[in-house]
Amino acid sequence: MFNKIEKCLFYLFLFSIPFQTRKILWYEGWRFNEWQSMSIYFTDILIIILLLFCTCNSFFSSTSKLKIKKEKFKTTIKNLKVYEYFLLIFLIVSAISIKNSTSPIISWFQWAKLVEFVLFYFYLKNYAFWHFDLLYSAYAFIAGGLFQAVIGITQFLKQSSLGLWYLGESMIGVDIRGTAYFLNLAGEKVVRAYGTTPHPNVLAGYLLLVLFAWYFLNSRLIKDYKLQTATYLSYSLLLFSFFLTFSRVVILAWVVAFIIGTLIYRKSYPKEIKKIFMWTCMIVGIFTLLYWPEILARLAIPAYDEGLILRKQYAESVLKSDLHFFGIGIGNFVSWFTERNPMEAFWLYQPVHNIYLLIYSETGLFGISAFILFIFLLIRNCLGQLEIRSIRLIFLACFIFIGLFDHFLWTLQQGRLVFWGVLTLLSFGDIMQLSSKKGEGNNYGEDQARGSGSEGPS
């Protein structure tokens, strides 16, 4: 009974990653600013419940199978990888950085969020990937992406929000202040697709990971013709909605990754890659015919582009600041920037649009050094286990690249879930080997492989 509830909650969590449903607990000052506030999200509650299930299963089960998990959980700290020690060091440095914060309450809250996602990382790596069915997990995750794709496409066609406030949908429209839009060649406002995320770039980053999950699932597991037809229709929705975000950096990352992935995997999976490539070209062609003026408008980046000017301003503020070993305090950049630039428009008070500069500014030289060493050694560990052509290395490179131009992977709930999920996948070794771990609690066995038409692990 409890196992079924736990599984349902985990699949619900995967489905609801992009939901922005939350309760705002507190914010600084008289006017709400996202970066100076504290909120608890629906996905936070699910993570807490799942962690409680994990704890109960690991320590209080009497079954022999879960006794093995109990011993494994107890030795997790002893078996930490070298790169994970740097992750813990980063956590400690982030806590120390709070002594420099001008807004300690926000900094402590953001540190607690960091602890939550570090626990989430270890939960996925040491428990969830072994405990839950991988095939069902992939379906739940992709189903969530399809749900967002339908919402995003409908929003774009309607050029406004759909009233899904209970899922956290933002209020958007051509005349609503704060809406992400651009001007087409005729000078008309074009509202970008949001889904239930707080910004089109966040939806794009989420759908990018869903697309990678789809590529993996389609090329390795799904062989049944009727099922493939349905999956390619779902791919059309995902890719079309992904393009409707008009997120230049994320779409560029996908284009480069898609080309590299096609070149690398064309010999290993010739039929699958050819079909994916042809289908993708068809979708790109249709989208181009329908929205060529909008594409041209987004490709044109004038020197006075507001986004570029703001990114430059935020980056210069960090680079021109004094050198700190422990930074200005985790989660404190906006408060610090506000104090230094008190006469700016209120909506300009945002984090620097580069997660590495943001981490450096908030946690200092010690913090960014520990974080970069964590990422570097994680990649090196992965290279030691896998072929360099692993698709997971490709999409990690995508998100590292995206982090150079935006902050949502580090500052927003949905972006954090995506980012830490990617790091977990990279740390895990070859995920396909899990199908042979039948004694570890993973239900992905031969019967399901036959039921899905799978040829088994490759």
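In table form, for the structure just shown:
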read-out: Total residues in the range 48-107, condition among the polar types (S, T, N, Q), over 23 Å from T363 (Cα atoms) and either at pLDDT 70 or above or buried (at least 17 other Cβ atoms within 10 Å of the Cβ) (or both); value: 4
read-out: Residue satisfying condition, being within 21 Å of the chain's Cα centre (by Cα) and part of a helix (DSSP H, G or I), within set I49, I17, I5; value: I49
read-out: Residue within the range 266-273 that is closer than 25 Å to L409 by Cβ, out of contact with any strand residue (DSSP E or B) (no Cβ under 8 Å at 6 or more places or on another chain) and not basic (K, R) present; value: no
read-out: Residue, surrounded by the most Cβ atoms within 10 Å (Cβ to Cβ), within the range 140-166, restricted to residues that are more than 16 Å from L207 (Cβ to Cβ) and of a type outside the set (A, V, I, L, M, F, W, C); value: S161
read-out: When residues of the range 181-201 are limited to those that are in a loop (DSSP other than H, G, I, E, B) and modelled with pLDDT of 95 or more, the one surrounded by the most Cβ atoms within 10 Å (Cβ to Cβ); value: G195
read-out: Which numbered condition V250 fails, given (1) among the β-branched types (V, I, T); (2) in contact with a Cys (Cβ under 9 Å, 6 or more places away or on another chain); (3) surrounded by fewer than 17 Cβ atoms within 10 Å (Cβ to Cβ); value: (3)
read-out: Qualifying residue in the range 3-19 (condition: aromatic (F, W, Y), farther than 18 Å from F129 by Cα and at pLDDT 95 or above); value: yes
read-out: Residue in the range 202-216 that is buried (at least 16 other Cβ atoms within 10 Å of the Cβ), modelled with pLDDT under 90 and out of contact with any Leu (no Cβ under 6 Å at 6 or more places or on another chain) present; value: yes
read-out: Selection from the range 257-274 of residues that are assigned to a helix (DSSP H, G or I) and in contact (Cβ under 8 Å) with a residue 40 or more places away in the chain; value: A257, I260, G261, I264, Y265, E272, I273
read-out: Where I40 falls short, out of the listed (1) of a type in the set (A, V, I, L, M); (2) surrounded by 13 or more Cβ atoms within 10 Å (Cβ to Cβ); (3) under 23 Å from F2 (Cα atoms); (4) modelled with pLDDT of 90 or more; value: (3)
read-out: Matching option when the condition is out of contact with any Ser or Thr (no Cβ under 6 Å at 6 or more places or on another chain), among the hydroxyl-bearing types (S, T, Y), under 24 Å from Y291 (Cα atoms) and part of a helix (DSSP H, G or I), among Y136, Y127, Y206, Y166; value: Y206
read-out: Residue within the range 259-270 that is small (G, A, S), closer than 30 Å to V93 by Cβ and either modelled with pLDDT of 90 or more or over 27 Å from the mean Cα position of the chain (by Cα) (or both) present; value: no
read-out: Residue pairs meeting the criteria (Cβ under 8 Å; at least 6 apart or on separate chains; first on the phi > 0 side of the Ramachandran plot and surrounded by fewer than 21 Cβ atoms within 10 Å (Cβ to Cβ), in the range 418-430; second at pLDDT below 95 and part of a loop (DSSP other than H, G, I, E, B)); value: G429/L386
read-out: Flag if W111 is over 20 Å from the mean Cα position of the chain (by Cα) and either in a helix (DSSP H, G or I) or modelled with pLDDT under 95 (or both); value: no
read-out: Those helices (runs of 4 or more DSSP H) lying entirely in the range 342-458 with at least 1 residues touching a Leu at 6+ places or on another chain (Cβ under 8 Å), at pLDDT 75 or above and over 21 Å from A95 (Cα atoms); value: 355-385, 391-402, 413-427
read-out: Residue that is nearest to Y206 (Cα to Cα), among those in the range 20-35 that are modelled with pLDDT under 95 and crowded, with 17+ Cβ neighbours inside 10 Å; value: W35
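The values are calculated or read from the model by the stated rules, or taken from the named source; none is laboratory data. Note that the structure is predicted; figures quoted are calculated from it, not measured. FYI the Cβ positions are ideal-geometry reconstructions off the backbone, even for glycines, and counts take in every protein chain you see.
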